[in-house]
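Comments concern the structure below.
The values are calculated or read from the model by the stated rules, or taken from the named source; none is laboratory data. Given the structure is predicted, the values throughout are model-derived calculations rather than measurements. Don't worry about glycine lacking a Cβ; one is built from the backbone with ideal geometry, like all the others, and counts go over all protein chains shown. When the accessible area is computed, the model is the full protein with side chains, heavy atoms only, and any ligands, DNA or RNA have been set aside. Shrake-Rupley method; radii C 1.70, N 1.55, O 1.52, S 1.80 Å.
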Amino acid sequence: MSGKRISIRARRAVSGYLFIMPFIIGFLCFMLLPLVDSFWMSLCRVDVTAGQGFQTTFIGLDNYIRAFTIDPEFNKLLSEEIGVMVTHTIAILVVSFVIAIVLNQEFKGRGFVRGLMILPWALPGVVNAIMWQWIFNANYGVFNALLTQLGVIDSYQVWLAKPTSAFICVWAANVWKETPYVVLLTIAALANISRDLYEAAAIDGSNAWKSFWKITLPSIRSVIVILLITKTIWALQTYDLVYIMTKGGPMGATEFIAYYIQKTSFKFLKFGYGSAMSYTVSMICFALTYVYIKVFMGNDDAQKKPFRRRRRKELEV
């Protein structure tokens with residue numbers, strides 16, 4: 001009888017491994033192996049020779065040292081990108097929180113409006129970029145037509161050909177594209193907050209602003225951390241909008257770090273140095289993620305430690 005049970009368990013185990021084998025193979029082929037290969041490439045100088053393919057020479061950490069000491073453009077773009085990322089993330093969070101609080105109220109057609117909110121984020125990035133390129137077009141753009149009819153401008157402007165306006169246009173298009181994702185997560189988090197908390201706070205004399213700071217924000221703190229992490233990663237990966245709308249111009253005003261890495265790797269064929277810059281940005285994302293978790297979730301870990309110690313002692317007894 002026990003042998004039969006063992007054979008049944010073995011068959012179940014084998015069938016389970018067979019079911020997950022496609023995922024394991026896909027993960028190895030399309031995730032792990034490219035990561036290992038690109039990391040090795042970041043430690044090498046890669047020369048592309050016609051008829052001979054790739055010639056790699058191991059140089060250690062020279063590519064990483066070059067990124068921080070020799071290449072002023074990378075350091076300039078990285079420092080500017082962090083500033084843009086902060087303002088971009090704050091703008092999206094503020095706008096999204098306001099929209100989420102409004103959409104969390106009861107009104108007619110709320111479900112339809114919530115459904116419309118997902119459209120900008122659901123559209124492919126290339127489609128979004130082309131749409132905004134048409135909106136800001138100098139000859140037939142809707143933005144120019146609207147401002148002209150309102151009397152703000154006298155003639156059509158070439159918005160994507162001026163450094164400041166081009167940067168603002170790309171920044172606004174990116175905010176419009178990514179705001180719905182933040183709104184949806186925020187609405188889901190707000191829906192889980194009990195109305196009894198707000199009613200009790202109102203009885204105690206708390207106004208709407210105090211209730212927001214004392215009830216709403218602490219209740220959605222974990223969601224805020226997730227949003228900060230994802231928005232940080234996405235801000236440092238902004239590429240499709242830049243490539244379609246401005247190609248990094250004019251005069252490098254919209255050349256974000258992801259576009260610079262792509263240009264270095266595939267236009268100038270510096271694959272080793274491009275891989276090193278990519279891993280440098282990835283390490284910055286990991287560091288910022290660690291800071292976010294420690295700053296926003298550190299108190300939760302401190303509160304859970306006594307419970308964990310007590311639970312460990314109970315298990316030992």
Kindly establish whether Leu190 is under 18 Å from Thr87 (Cα atoms), touching a residue at least 24 places away in the same chain (Cβ under 8 Å) and part of a helix (DSSP H, G or I).
no
For the structure I just gave you, tell me whether Ala138 is aliphatic (A, V, I, L, M), open to solvent by 20 Å² or more (accessible area, probe 1.4 Å) and not in a helix (DSSP H, G or I).
yes
Checked against (1) within 23 Å of Thr164 (Cβ to Cβ); (2) crowded, with 16+ Cβ neighbours inside 10 Å; (3) touching a Ser or Thr at 6+ places or on another chain (Cβ under 9 Å), Lys247 satisfies every condition except (2)
How many residues are assigned to a helix (DSSP H, G or I), more than 15 Å from Thr179 (Cβ to Cβ) and of a type outside the set (Phe, Trp, Tyr) when one looks only at region 225-243?
7
Selection within region 265-286 - free of Cβ contacts under 8 Å to residues at least 24 places away in the same chain and surrounded by fewer than 21 Cβ atoms within 10 Å (Cβ to Cβ)
Ser265, Phe266, Lys267, Phe268, Ser282, Met283, Phe286
Before we move on, is Trp209 part of a helix (DSSP H, G or I), among the hydrophobic types (A, V, I, L, M, F, W, C) and within 24 Å of Ser282 (Cβ to Cβ)?
no
Go through region 108-131 and report how many residues are open to solvent by 80 Å² or more (accessible area, probe 1.4 Å) and either assigned to a loop (DSSP other than H, G, I, E, B) or closer than 18 Å to Ile92 by Cα (or both).
4
Right, Pro180: surrounded by 16 or more Cβ atoms within 10 Å (Cβ to Cβ) and under 15 Å from the mean Cα position of the chain (by Cα) or not?
yes
